[in-house]
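Readers should treat all values here as calculations from the given coordinates under stated rules, not as data from a laboratory. Please read these numbers as outputs of a predicted model, since none were measured by experiment. Virtual Cβ from ideal backbone geometry, glycine too; neighbours counted across all protein chains shown.
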Amino acid sequence: MLLRAGWRRAALFVTVAPGPRPTVPSRGLRLSVVDDAPQSAVPTDAAAAPEAEVGLRPLYMDVQATTPLDPRVLDAMLPYLINYYGNPHSRTHAYGWESEAAMEHARQGVARFYKSRKKHVITTQTEHKCVLDSCRSLEAEGFRVTYLPVQKSGIIELKELEAAIQPDTSLVSVMTVNNEIGVKQPIAEIGQICSSRKVYFHTDAAQAVGKIPLDVNDMKIDLMSISGHKIYGPKGVGAIYIRRRPRVRVEPLQSGGGQERGMRSGTVPTPLVVGLGAACEVAQQEMEYDHKRISKLADQLIQKIMKSLPNVVMNGDPEQHYPGCINLSFAYVEGESLLMALKDVALSSGSACTSASLEPSYVLRAIGTDEDLAHSSIRFGIGRFTTEEEVDYTVEKCVQHVKRLREMSPLWEMVQDGIDLKSIKWTQH
Amino acid sequence: MAASSRAQVLDLYRAMLRESKRFSAYNYRTYAIRRIRDAFRENKNVKDPVEIQTLVNKARRDLGIIRRQCLNDHPKQLNSACAAVEGEAAEAPLCLLPGTAHPLLCPDCGRTRVKVHISHLYSTDKLVIENQEKPRT
């Protein structure tokens, strides 16, 4: 009798651990109840990966879409959100002065990468528009745009670039590291060509800043775009480097109060800018360590997958390649179905801005992959915070699901029987 | 300023690893532990005392960052932090680490837990008017 009473009393005090399932529809991503103890949502380091349980979050392997905020960056930003809240353009009091000082210091931090004394950086809120869309709207305004083709490896042909430059060419814009296949373009050579022909050279370095060494003087870059949230900084801020000597004249997109030397009007968001500066500073220090680690993890991932599965193609040049962005095509498997099967890993096929449309990625089409291989591509992103366990788990799940999906695929059956798929004449009804 | 001794560096190392284990986010926790281990291992053969002191200072700063960020990590922990209490204990302290034995004392350092807002972690100088209030009380 006493024992039973004791149990009942004990039962009253036991906290409801995982708790009742949340009844709020949460769009397929079940969140753990707030009262949970702070346990890791992912299989712990020591134990082998169990099946994903209800209430656990997926692993994050999509660093090309966005990156988590580095704790050091958040620590640098918080004082400017709590105590030092002045407008950096207020010239008359200490709140403005300290805010402006922080902004200029962050500018130095961002400019740190360039190792040059010709610094002219503008901080601005860049919306994420594909450069192609901008070119299309320029065409509507009357410009002529030449879209250079790329080779099978994803790298442009330098001779074609030289041939395409005409007397009235004003700007060449080439991405440093592609966000879908991770290919590094030969920026130094392109810069050489452009400066010898007196053409401005712009590069979208959003995926490259802080990950590979960039020197605007060595590479003769005139304009460079930087995105905060790709380098473990805050979302909502970016920067553009504009060379001063020889002067690059730029017309403002946003006109108004005349901030940022008239090139970009609007109050500069101090906490975001401080975050961007801190992110660049941290990236500068950690570049070598991160690059070594990411290369090692990337090699592991590719080797393991290639060893366990046949008919896997890596898109993009294997040499001129940033290791953290791996794009693999699994033949005879549909990309979307593989993504849905890998529900405990956050992956994407193609880029985040095209994930809403059903077309295969235009990048893969440009490098000449077959239509069916383009539909079955997955992009694995490895970043500063990715662990070896996460990579192993991803590889294991990927191999398991590709095998399962291939078992179900009639095309795979035919290939196993030795039929060449290209020789089939599909009937039309 | 005398250079940091081996014992001090090891204490710092242990303190950093201990604080890093309190991150509730898997990625931050594993990164911090791994980075700290690799950084200390990489620099273990540094002999120049000036360089050692620079590295130790940077490590101390990073330890402060980790401490503050661990509190930010778990939103409930924001409301509670260890504080050296002068005078009487604060009223109604909350223990928010489930499984802790004593609701009033922190398991790590034994000090009394008090309610703390995020702004306490990033404190700044007082305003001029706060200095004027003192003579009145």
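General observations
- Were the residues from residue A:152 through residue A:359 laid out at 0.36 nm apart, the gain over their Cα-Cα distance would be 72.5 nm.
- For residue A:60, nonlocal amide neighbours, meaning residues 5 or more places apart or on other chains whose placed amide H falls under 5 Å from its own, are A:346.
- Exposure proxy order (Cβ contacts within 10 Å, fewest to most) of B:48, A:70, A:344: B:48, A:344, A:70
- R0 of 30 Å, Cβ-Cβ distance residue A:188-residue A:164: FRET efficiency to nearest 0.05: 0.95
- Here each label is just a point 7 Å from Cα along the line to Cβ, and for residue B:21 and residue A:196 those points are 6.1 nm apart.
- Test item: B:62-70 mean partner chain Cβ contacts at 10 Å: 3
- Counting, for every residue in B:21-33, the Cβ atoms of other protein chains within 10 Å of its Cβ and taking the mean gives 6.
- Per residue of A:67-78, other chain Cβ atoms within 10 Å of the residue Cβ number 4 on average.
- Mean-position separation - Cα centroids, the range A:401-426 and the range B:8-31, in angstrom: 50
- Shape class for the range B:7-56, computed from the alpha carbon gyration tensor (a ≥ b ≥ c): prolate, with a/c not under 1.5 and a/b above b/c.
- HN-Hα J in Hz across the range A:66-75 - Karplus 6.51, -1.76, 1.60, θ = phi - 60°, x for Gly and Pro: 7, 10, x, 6, 5, x, 5, 5, 4, 5
- Global form of the range A:195-310, assessed from the alpha-carbon gyration tensor, a/c cut-off 1.5: prolate
- The ranking of A:330, A:143 from fewest to most other beta carbons within 10 Å of each one's beta carbon is A:143, A:330.
- Once both labels are positioned 7 Å from their Cα atoms along Cα-to-Cβ, the gap between residue A:254 and residue A:372 label points is 4.9 nm.
- Efficiency of FRET between residue A:292 and residue B:126 - r from beta-carbon atoms, R0 41 angstrom, step 0.05: 0.30
- By the count of other C-beta atoms within 10 Å, a proxy for reagent exposure, B:58, A:397 are ordered fewest to most as B:58, A:397.
- Placing +1 on each Lys and Arg Cβ and -1 on each Asp and Glu Cβ, with no other charges, gives the range A:266-416 a dipole about its Cα centre of roughly 140 debye.
- A full extension of the chain between residue A:95 and residue A:285 corresponds to an added length of 65.4 nm, given 0.36 nm per residue minus the alpha carbon distance.
- The calculated FRET efficiency for the pair residue A:396 and residue B:58, based on their C-beta separation and a Förster distance of 41 Å, comes to about 0.60.
- Here the spin labels are modelled as points 7 Å beyond Cα on the Cα-Cβ line, and at residue A:104 and residue A:133 they lie 3.7 nm apart.
- Straight-distance crosslink candidates among aspartates and glutamates, where the alpha carbon sits under 17 Å from residue A:220 and sequence neighbours closer than 8 are dropped: A:162, A:189, A:204
- Contour excess over end-to-end distance, with Cα ends at residue A:306 and residue A:334 and 0.36 nm allotted per residue: 8.3 nm
- Dipole magnitude (debye, nearest 20) for the range A:135-274, charges at Cβ of Lys, Arg, Asp, Glu: 360
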